[in-house]
Amino acid sequence: MGLACSLSLTHCTAFAARGAMRLDASSSSNRQAAIVGGTADRLAEMFGAAALLSSTPTHAAHPASTAVAAARRDLNSASPLTQPPKPAAPVVQPSPAPAPGEKADSKAAPPDFSELIAEGLVLPDELLGPYVLSKYHKNWRGTGRGFFDPGDGEDEWLDRNTEKMKRWESWAVIDWDHPDAPDPDFALVYGKINGENLNMKELRPRIVEAKREMVQVYTAAFERAVAKPGAAAAVEKIKQLEERRNKERHPGGRDLDVIGLFKGALGAIGELWAYGLEVREASGEHDAGLSWGVKKAARIWYKLATKYDGDISCVTDCARISLEFKTMEGLLAAAEKLLERASTFKNRVANRTDEGYADLMFTLPMSNGHICEVRPARCAPRYPPLPGAPPPPPLTGVCGAGRAGSAPPR
């Protein structure tokens, strides 16, 4: 069973986060519009852009209450990787396993998951997340699936997120990386603010307007980064890097199930981290930020039902790492290192998104064949919270006075 790992590289100064950005703009209207767009963009990233930009409201089926048809589909096709697995990266000593109930550090080497894999306990708890190893489980079907404790755990998840929703006065100001933000899986289905559910039909015109604002903001941020000494030449070289757009799937195709997906992800994450260290060393930025993450199953089930037609072999973001660079030169050197091994590569510096967003993304097959993804790291100027938003958390991360707070990839 194998997994490929997708690696996103984001230049901290140049590229603001899609979902949690705070814009370098003086007017509150620009900031407000951008956070509206950021809210929609973050939800689109998690739940599918087609659903969120539809002209009618879209409602997701919560994993604890609805069976996804994908779990019952005829599993009859297989698709091998487009390239054979590459040699394993040097072994890195795993971090000690956290104490029961405690979290592993996303910015240190991943712990050893081999015992959990052997026991089949490979699904992260929807309540506590992927860094609490003592709550990994194999509850993948029926009521309460995804939870270590299908009864009390789900009830606590509902109660906790209901309270978090009360701290926000408007859907437009939710920062989805804020510690007081509700779980997006909860917000999309159950969330209410002032008695109103998320209504994408009403929000869509605001998203369209915000998108225009985002183009201006991202473009300005990109131009400021390029203006720094030495950056322009590096950016031009990055733009010349040729994309590799072939789509990879996990070995096994439709015969792969969710337990197999997570076994591959947890088996690959240590090797992926080791390779991230190699990339960081090659970049010349020895203090570049590096973090790892494992996706929760509820998000994967949603994607199966809305995007991948039930084919779990298409889910390539279960295990991932993120790198944050302070200079364009560091980003270029890292990209050149990655291209020695990458099977796919999206160059969104040369081909920016419709919103003006720019980043690089690679996928890499690990030695067990597994395919994983990393969300782009994000850094943006710190601003006071908008009206209706809780106070921002303390600054963390490699970017100093960059973004207001940091959350590990979910």
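Every read-out reported here was derived from the displayed coordinates using simple, explicitly stated rules and does not represent laboratory data. Small disclaimer: the values here were computed from a predicted structure and weren't measured. All Cβ positions, even for glycine, are placed from backbone atoms using ideal geometry, and neighbour counts span all protein chains on display.
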Semi-axes of the equivalent ellipsoid for segment 122-170, Cα gyration tensor, largest first, Å:
23, 12, 8
Kirkwood Rh and Cα Rg combined as Rg/Rh, segment 94-189
1.02
Anchor residue 326: aspartates and glutamates whose Cα lies under 19 Å away (excluding residues fewer than 8 positions away in-chain)
24, 223, 236, 278, 281, 285, 287, 336, 359
Length gained, residue 166-residue 350, 0.36 nm per residue minus C-alpha separation, equals 62.1 nm
Span from the segment 125-185 Cα centroid across to the segment 306-338 one, whole angstrom
25
Spin-label pair residue 224/residue 97, simplified geometry with 7 Å Cα→Cβ offset, distance in nm:
4.6
So how do 160, 299, 245 line up by other beta-carbon neighbours within 10 Å, fewest first?
245, 160, 299
With 27 Å as the limit, write out which pairs from 192/307; 138/307; 296/337; 239/337; 138/303 have Cα-Cα distances beyond it, or answer none.
296/337
